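The values are calculated or read from the model by the stated rules, or taken from the named source; none is laboratory data. These numbers come from a predicted model, not from an experiment. Virtual Cβ from ideal backbone geometry, glycine too; neighbours counted across all protein chains shown. To get the accessible areas, we keep the full protein, side chains included, count just its heavy atoms, and leave off ligands, DNA and RNA. Shrake-Rupley method; radii C 1.70, N 1.55, O 1.52, S 1.80 Å.
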Amino acid sequence: MNATITAIGGFVPSYVLSNEMISKMVDTTDEWIEKRTGIKERRLATNENLSTSDLANAAIQNLLDTYEIDPLEIDGLVLATATPDHLLTPTASKVCEISGFTNAFGFDLNGACSGFLYALEMATTMIESGRYKKVVVVGADTMSSIVDYEDRNTCILFGDGAGAVLLEKTEKECGVMKSILRTDGTGTSALYVPAGGSKVPAGMQSILHREHFIKQEGSYVFKKAVESMSSVSQDALASNDLSVKDIDWVVPHQANLRIIKAVSEHLNIGIEKVKVNIHKYGNTTSATIPLCLWDFKNDFKEGQNILITTFGAGFSWGATCIKWGVMRALKAVQYSTNGELLKHNLMY
């Protein structure tokens, strides 16, 4: 029994923060940001008063509006996020409620930028065990809530968004293959939010020192990301008896375009096979992989092999391969009597 993706949904806020706008906040330029990162703009949820649960629910609703799915048949929800609504009470609980998953369990998983891949692996094993038939995996982050817009090194990188996939059991030779996941805690201080947890609880001093925002050693993280994503991708290919020639598409974590290109070169996979949308959204952390799957879902054909690779805080990284299966039937486009579009498959 295998676990295969049968539906995909996504959501990004409507508010756009461009490089030009950032250049008026910190000492930088549109040209410098794009050259160093590949990012042109990113979406922000805080300007629309949206939390992570709102983003996750919107991605799920896009999935439910697009495909023929009964929310009552969903067995579980695994929500990957580094920016939960609250420290105490899982964001997944709220998402289950507002998404209508009344027969499902739900829990949060924090694997930072690797969170979605970790959650996908966990949901895959649930399906393969035979205990569950339908599990929704969501990657959602409101990075603007922990970004310091006075810090040029980090505020140019991150955006907000969410993506969701439905995993179902199948007896066909398709679906999620063997994954390789890695963690190295020695990299913790190179990319983290110092305060707000049990080690450094929120207080006047932590607020004054702006310790509730992301801190990053950019050059060190860059080097480790290229090394780790390249190495673990090779390991994932080997564990699934695949070569680079067998890969039709690569879906990498969207942290920096230079990282993506470097990994492509290390793997000797042409950049034309690599899916990239960082220029539109920036680094949405747990949401980058599912948003990429959502953006390019029409390019993936049954039987194609897709390589997913990611790296993030922790350090956490990993890779997996997916043999693309058959997607669920789309809902028919419906119009009201006055011609208003009621159900559609377009971006929200």
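Below are the figures for this structure:
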quantity: Fraction of accessible area attributable to carbon and sulfur, the chain (%, probe 1.4 Å); calculated: 51 percent
quantity: Ellipticity estimate at 222 nm from DSSP helix runs (n ≥ 4, -39,500 (n - 2.57)) divided over the chain, nearest 500; calculated: -8500 deg cm²/dmol
quantity: Segments 233-241, 280-288 sorted - mean Cβ within 10 Å per residue, highest first; calculated: 280-288, 233-241
quantity: Around Ala162: net Lys/Arg minus Asp/Glu count, Cβ-Cβ under 12 Å; calculated: -2
quantity: GNM result for the chain, Cα springs below 10 Å: residue of Ala123, Ala332, Ala45 fluctuating most strongly; calculated: Ala332
quantity: Neighbourhood net charge (10 Å Cβ-Cβ; Lys/Arg +1, Asp/Glu -1) for Glu302; calculated: +3
quantity: Neighbourhood net charge (11 Å Cβ-Cβ; Lys/Arg +1, Asp/Glu -1) for Val26; calculated: -2
quantity: Proximal aspartates and glutamates relative to Lys280, as straight alpha-carbon distance under 13 Å, when same-chain residues fewer than 8 apart are discounted; calculated: Glu34, Glu41, Asp160, Asp295
quantity: Region 124-230: trypsin sites (Lys or Arg not before Pro) falling in loop per DSSP and having at most 10 other Cβ within 10 Å; calculated: Arg131, Lys199
quantity: Residue-normalised accessible area of region 158-230, expressed per residue, 1.4 Å probe, Å²; calculated: 54 Å²
quantity: Spatial separation of Cα centroids for region 117-143 and region 25-58, in angstrom; calculated: 27 Å
quantity: GluC sites (Glu not before Pro) within region 113-219, DSSP loop, no more than 12 other Cβ atoms inside 10 Å; calculated: Glu150, Glu171, Glu173
quantity: Residue among Gly325, Gly130, Gly115 with the largest mean-square fluctuation in a Gaussian network model of the chain, springs linking Cα atoms under 10 Å; calculated: Gly130
quantity: From the coordinates shown, Cα Rg over 2.2 N^0.38 Å corresponds to which of (i) 1.00; (ii) 1.59; (iii) 0.95; calculated: (iii)
quantity: At most 16 other Cβ within 10 Å, DSSP loop - GluC sites (Glu not before Pro), region 26-118; calculated: Glu68
